[in-house]
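What follows is one structure encoded as structure tokens, with my remarks underneath.
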Amino acid sequence: MLEKWFRIQERGSSVSTELMAGATTFLAAAYIIAIHPSILSAAGMPKGALITVTCLVAGLGTLLFALWPKVPFMMAPGMGLNAFFTYTLVLQHKLSWQTALGVVFLSGCLFLLLTAVGIRERIIHAIPPSIRVATTVGIGLFIAFLGLQKMGVVVDHKATLVTHGAINKTVLLGLVGLILIGIMEAWKVRGAMLWGILSVTALAIPVGLTTLPDKLVATPQSIAPIAFQLNLAEAISPALWGTIFSFMFVDLFDSLGTLMGISSEAGMVQEDGTIDKMGSMLGADAIATVGGALLGTSTTTAYIESGAGIAQGGRTGLASVMTGVLFLLSMFLWPIVLIIPGCATAPALVMVGVAMLKHIKALDVSDIEEALPAFLTMALMPFTYSISHGIMFGFLSYVLLKVARGKWSDLNPILVIIAVLSAVNLVLV
């Protein structure tokens, strides 16, 4: 039954590998159960309801990926987009969180429309090969940067923006986890990342970096205070059209960049550059955003932490079934999930970044017209803490260099339009 539905052997995998990969993805991304509600609660939303909705939306969105395009990717409320929701829309522009949810819903509807008419897929086909490769590598660098931050190896600094962190228990355990995973990967141990996460979690308990929960099971809090509370009447006002566009545009490139990067890592990119099942993946992504807004959360998107499961061999939707079910169970078992410290999952993210770096060999760095846009795409993803900004700068620089060289034949109308819209969005944001 599983083989017929997911074609596991055809994809060079096994049931045990898929289940282990799905668990790895879940553990790598489980931090959102605590972090996402803490960000949105700053907008005045009840934190208990947000924990339940986070688990529900991540579980259902990931199962949508599992059962429609049948890919080993997960979805959940997007980090960065939730910060834009809280700190820009609500706290800076003084919108109510209900109106901000309306903005998310409308941007999701635009997303769905663009997907239905095939515009999003055309955008992917219009992306130059060098930018595609750079997107994959850039996401790898971004994931590694996130991991190094969670480990405490990289911290902020007033003068230099970033610097190395002081050696403490968190850093040491993170480095131990990184070495453990590296050794197991070198010896081809199945589930190296999963075992690394569990090992560091076990070590974190006696040194006081995490504690066992008072209870293993907890009743989920009601989602009624935030579900279906969006205010569309205010969100649709002309004054917010620019905000809706910016939200949609940032989400567009976040999701496109993530899907391109992890699809490449999963071996889903064909020789002509097309990506298997991209249409259904984009459709699932758009539906999840609309559904998430209705349930009471900010934009839902594909997650770069999917790369952790892919690195462990996940190749089919069965891995996502495992991830989605674990998120749904987390509505009841979240006290257990929350004991996993950041220093346990961070080494896995660094290893994902290492794995994605291999794609850089496909770049022709001798041609400045290809090398500069690719470099900006790769570098600005971690430096600006944004996948979308890296891609936008890559588009802009690519088009400007081609125009300056008079190579109009290397450009297509969609590429030029996206470059112009990128410039507009960078000014608006």
Output ³J(HN,Hα) for the range 46-60: one whole-Hz value per residue in order, computed from phi by the Karplus curve 6.51 cos²θ - 1.76 cosθ + 1.60 with θ = phi - 60°, and x for Gly and Pro.
-> x, 5, x, 5, 5, 4, 5, 5, 4, 5, 5, 5, 5, x, 5
Final fewest-first order of TRP5, TRP334, TRP187, TRP195 on the 10 Å Cβ neighbour count is TRP187, TRP5, TRP195, TRP334
Please compute the net charge surrounding GLY291, taking Lys and Arg as +1 and Asp and Glu as -1 over other residues with Cβ under 15 Å from its Cβ.
-> -2
Tell me, what ³J(HN,Hα) does each residue in the range 132-147 have, in order and in whole Hz, if you take phi through Karplus 6.51 cos²θ - 1.76 cosθ + 1.60 with θ = phi - 60° and put x for Gly and Pro?
-> 4, 4, 4, 5, 4, 5, x, 5, x, 5, 5, 4, 4, 4, 4, x
Across 10 Å bins beginning at 0, the whole-percent shares of Cα-Cα pair distances in the chain come to 5, 22, 33, 27, 12, 2, 0
Using +1 on the beta carbon of Lys and Arg, -1 on that of Asp and Glu, and nothing else charged, what's the dipole of the chain about the Cα centre, debye to 20?
-> 420 debye
If you plug each phi of the range 305-322 into the Karplus form 6.51 cos²θ - 1.76 cosθ + 1.60 with θ = phi - 60°, what whole-Hz ³J(HN,Hα) values come out, in order, with x for Gly and Pro?
-> 5, 4, x, 5, x, 5, 5, 8, x, x, 9, 9, x, 4, 4, 6, 4, 4
Which lysines have a Cα less than 28 Å from the Cα of LYS47, not counting those fewer than 8 places away in the same chain?
-> LYS94, LYS150, LYS215
Non-local residues with an amide H under 5 Å from the amide H of VAL162, with H modelled 1.01 Å from N and Pro and chain starts lacking one, are HIS157
Helix-only [θ]222 nm of the chain, DSSP H runs n ≥ 4, -39500 (n - 2.57) each, per residue, nearest 500 = -21000 deg cm²/dmol
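None of the figures in this text is laboratory data; all of them are computed from the coordinates on show. Being a predicted model, the structure only gives us computed values, none of them experimental. Every residue, glycine as well, gets a Cβ built from its backbone with ideal geometry; the counts of neighbours run over all protein chains shown.
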